[in-house]
Amino acid sequence: MDNLRTLVVDASQTRLEVADAIAWVSDPRFGGIATFIGCVRGANLGRVVTGISYDIFRPLALHIFADIGAQARREVGDPLKLYIAHACGRLAVGDIAVLVAAGTPHRDEAFRACRLAIEAVKHASPIWKQEHYIDGDSAWSEGCSLCDAQSAEAGVAVAAGSHQHPHGHRH
Amino acid sequence: MKIHLALYGTLREVDPRGWLELEVAEAATVADLRAALVAYLESHTSNARASVVERSAFASRDSVLRETSPLPAGVELAVLPPVSGG
């Protein structure tokens, strides 16, 4: 899709740049650009976090990002430009882990497309994070089962609507 | 037939290579592969890891597979624990 840019970058070689995302979705037709920037937080569930390692099944993630783009287009209509990027590998506190930008003629579609995309990236994409703590311990985060979605498209639909977390986490 | 199964997230720690090779019947489905993986983990690692598999999906490089789907031949598959991106 010409109006969709999807990336999985190796954190040891490339940093996600907000300016790149905004430049990519900018267009003379668009008066609204919404962005979501997800950064590594220095604390989680009462523990001091020093970094996060992300593991990604890249080929499937890129397919699902494309599905997310198609779903966003169905939801808000054309014209829409959407940028979805996620970092893979070890990140430090404050580093950008995920970056979504949506450009549309008006703000409502931009906010909606951006929100739909980030929720689907978090809940329906094959991405895992391992938190590293100040005491040297590490732990994989609890997450959302893709069994509940059974398909990328269903997962996007779940992510865009109400979504319960029986395992009691917040993200 | 032999299935090459890539490991991700917490299941990556099951094998330092990041993948396993499991033997399943020729007409096996995703459910059969899940059972084979649970049996492998119960005999080689902890029950906690086996329980993660109950909440894991199975996928090819381009789609998440349904539980009743026959396993595609000659295709690398992956087991996907609950996801936590972003």
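Please treat every number below as a calculation from the coordinates, not as lab data. Note that the coordinates shown come from a computational prediction; the quantities given were computed from them, not determined experimentally. Every residue, glycine as well, gets a Cβ built from its backbone with ideal geometry; the counts of neighbours run over all protein chains shown.
Starting at the first residue of region A:15-24, write each ³J(HN,Hα) from the Karplus equation 6.51 cos²θ - 1.76 cosθ + 1.60 with θ = phi - 60°, in whole Hz, x for Gly and Pro.
9, 6, 10, 4, 4, 5, 5, 5, 4, 5
Amide H of A:Ile127 versus every other amide H placed in the peptide plane: which residues, excluding those fewer than 5 positions away on the same chain, fall under 5 Å?
So A:Ile127 has HN proximity to B:Ser84, B:Gly85.
May I ask you to derive the relative contact order of chain B, considering only C-alpha pairs under 8 Å and at least 6 residues apart, and to give it as an integer percent?
That works out to 36 percent.
If amide hydrogens are placed 1.01 Å from N in the peptide plane, which non-local residues have theirs closer than 5 Å to the one on A:Cys39?
A:Ala97
Could you give the nm distance between label points at A:Ala66 and A:Asp135, where each point is 7 Å from its Cα heading toward the beta carbon?
4.5
Cα centroid distance between region A:41-64 and region A:102-143, in Å?
If you average the Cα positions of each part, the centres end up 9 Å apart.
Any number yet on Rg/Rh for region B:2-80, C-alpha, Kirkwood?
0.92
Where does chain A land at 222 nm, in deg cm²/dmol rounded to the nearest 500, when only DSSP H runs of n ≥ 4 count, each adding -39500 (n - 2.57), divided by all residues?
It comes out at -10000 deg cm²/dmol, rounded to the nearest 500.
Pull up the DSSP beta bridges for region B:2-80 and report the antiparallel fraction as a percent, rounded to 5.
Beta bridges within region B:2-80, antiparallel portion: roughly 75 percent.
Around B:Val64, which amide H atoms from residues at least 5 apart in sequence, or from another chain, sit under 5 Å from its own amide H, with H modelled in the peptide plane?
Long-range HN contacts for B:Val64: A:Ala152.
If each of B:Ser69 and A:Thr50 carries a label point 7 Å out from its Cα toward its Cβ, how far apart are those two points in nm?
4.1
Using the Karplus curve 6.51 cos²θ - 1.76 cosθ + 1.60 with θ = phi - 60°, work out ³J(HN,Hα) for each residue of region A:78-90 in order, rounded to whole Hz, and write x for Gly and Pro.
9, x, 8, 10, 10, 10, 10, 9, 9, 8, 10, x, 8
Return the lysines within reach of A:Lys81: Cα separation strictly under 21 angstrom, same-chain partners fewer than 8 residues apart disregarded; answer none if there are no such residues.
Of all the lysines, those that pass the test against A:Lys81 - Cα under 21 Å, at least 8 places apart if same chain - are A:Lys122.
Assigning unit charges at the beta carbon (Lys, Arg +1; Asp, Glu -1) and nothing else, what dipole magnitude in debye, to the nearest 20, does chain A show about its Cα centre?
Charge dipole, chain A, about its Cα centre: 220 debye, nearest 20.
Once the dipole of region A:4-160 is set up with Lys and Arg at +1 and Asp and Glu at -1 on Cβ about the Cα centre, which of A:Ser53, A:Phe36, A:Ala92 lies farthest towards its positive end?
A:Phe36
For chain B, what does -39500 (n - 2.57) per DSSP helix run (n ≥ 4), summed and divided by total residues, give at 222 nm, in deg cm²/dmol to the nearest 500?
That calculation yields -8000 deg cm²/dmol at 222 nm.
Using only the Cα atoms of the protein assembly as shown, what do you get for the radius of gyration and for Dmax, in Å?
Rg, Dmax (Cα atoms, Å): 18.7, 61.
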